[in-house]
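Data block below; observations after.
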Amino acid sequence: MNINAAILWEQGAPLSVEAAELGGPRAGEVLVEVKAAGVCHSDLHPARGEWPARTPLVLGHEGAGVVREVGEGVQALRPGDRVVFCWAPPCGVCPPCKEGRPVLCDRLERTTYRNRLPAGDTLLSARGQRLAHYNGTACFADFAVVAEEGLIPVADDVPFEALATLGCAVVTGVGAVFNAARPELGARVAVIGAGGVGLNVVQGARLAGCETVVALDTRAEPLRLAREFGATEVFDATGERVNEQVRELTGGRGADYVFDTVGAPATLAQALTLARKGGTVVVTGLSRLDALASFPLFPFVMQEKRLVGSVYGSGQPARDVPRLVELYREGRLKLTELATRTYQLEEVNEALDALADARGARGIIRWE
Ligand SMILES: NC(=O)c1ccc[n+]([C@@H]2O[C@H](COP(=O)([O-])OP(=O)(O)OC[C@H]3O[C@@H](n4cnc5c(N)ncnc54)[C@H](O)[C@@H]3O)[C@@H](O)[C@H]2O)c1
Ligand SMILES: [Zn+2]
Ligand SMILES: [Zn+2]
């Protein structure tokens, strides 16, 4: 079928929204009409050439839509179902899947992280060339074909603006709290970076009963939003006294849990400084592929700090996404508030620029 898609022809250049051809779903695949897509920093990294990626490539990995057609053998989904994209479709049979850690599924290295569908090959083409499906999702397009396991059905009455960011920013941020950190009630938390993921760490920490939640960012708008999402204090991350201020707010000891949602060498070092003795640093931010971090090793050991990486919320997206939808319905999780700006697909480059400038939470692309 003919669709419009946002294509990255060359890293570092703007995306081009143009006509593309999408093949129909094969066995185990599903055709989805995309209704809303969040613009995540993990789209910006390949667009700007910070991560290597083979082009041409259709970007987009966070979003929601409606099932229009199912391929042979698809049991769990039917045309008309409302779905959230999951960029980590688990195989179900590899060792991490069997150990209950589907986000570490071995198959992802051959599929999502190579921008291919599990069935292999690509169903997208334009200008006579084959296009890769970013993260096996490629939802910056009117329609997407994805693996059946890459879709999580949700209730029909949840608006697409709310679902747009659920499948990446929300699962990653809230999951980092509930599945990776598991803070005690009343814990004191610091969050570095209050963008799409960071705001969800903030609201996840409040949901988990953390008492002090300090958010740090280099920009004013993310800090304003962090307060709205439940941060008890906010600071400019580059302020001269910021580490002392966080210490003062955490009983003079440092935070029990620090979340680094930026993931740069400097923010990791800061996160370790902000953690108390015996405290835990959870890193969700993703650096350039060649980045190396360094931090003072001696106090790290002597103060028994813990350093934990967390991908895609460290849980089970197929279980966690419906639970997050329930929390939203109960009014306990902010979702629509994350979508601070709405764009047409043709405006995708503006959305990427706004994200690069950290103008606040998420821009989402909407199809009527
Ligand atoms: N682990 C995962 O599964 C996962 C999932 C989604 C995104 N990510 C990664 O997480 C990172 C954040 O993604 P996002 O979509 O939330 O990005 P974002 O652009 O929405 O937010 C980043 C925020 O960090 C702030 N920031 C930048 N440098 C800072 C610094 N030195 N100190 C404090 N704040 C700083 C920015 O102002 C911005 O508000 C990206 O690297 C992205 O690729 C990882
Ligand atoms: Zn993402
Ligand atoms: Zn697996």
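The values are calculated or read from the model by the stated rules, or taken from the named source; none is laboratory data. Keep in mind the model is a prediction, meaning the values are calculated, not measured. In this analysis, Cβ positions are derived from the backbone assuming ideal geometry, glycine residues included, and neighbour counts consider all displayed protein chains. To get the accessible areas, we keep the full protein, side chains included, count just its heavy atoms, and leave off ligands, DNA and RNA. Shrake-Rupley method; radii C 1.70, N 1.55, O 1.52, S 1.80 Å.
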Members of region 1-38 found to be more than 16 Å from ligand 1 (Cβ to nearest atom), over 19 Å from R366 (Cβ atoms) and part of a loop (DSSP other than H, G, I, E, B), listed by number: M1, W9, E10, G12, A13, P14, G23, G24, P25, R26, A27, G28
Where a residue in region 208-229 is farther than 18 Å from E248 by Cβ and free of Cβ contacts under 8 Å to residues at least 60 places away in the same chain and its partner, wherever it lies, is in a helix (DSSP H, G or I) and open to solvent by 20 Å² or more (accessible area, probe 1.4 Å), with Cβ under 7 Å and at least six apart: A208/F178
Number of the exception - R247 against (1) open to solvent by 40 Å² or more (accessible area, probe 1.4 Å); (2) within 24 Å of the chain's Cα centre (by Cα): (2)
Filter result for I152 (in contact with a helix residue (DSSP H, G or I) (Cβ under 8 Å, 6 or more places away or on another chain), assigned by TED's automatic domain parsing to the domain that holds S125, crowded, with 18+ Cβ neighbours inside 10 Å and touching a residue at least 24 places away in the same chain (Cβ under 8 Å)): yes
Filter pass, G196 being within 16 Å of ligand 2 (Cβ to nearest atom) and over 30 Å from E21 (Cβ atoms): yes
Test result for T342, more than 16 Å from ligand 2 (Cβ to nearest atom) and over 23 Å from the mean Cα position of the chain (by Cα): no
All positions within region 87-140 that are hydrophobic (A, V, I, L, M, F, W, C), within 16 Å of ligand 1 (Cβ to nearest atom), outside any loop (DSSP other than H, G, I, E, B) and within 30 Å of S16 (Cα to Cα): L108
Residues located in region 18-49, provided they are within 14 Å of ligand 2 (Cβ to nearest atom) and either open to solvent by 10 Å² or more (accessible area, probe 1.4 Å) or without any contact (Cβ under 8 Å) to a residue 12 or more places away in the chain (or both): H41, S42, H45
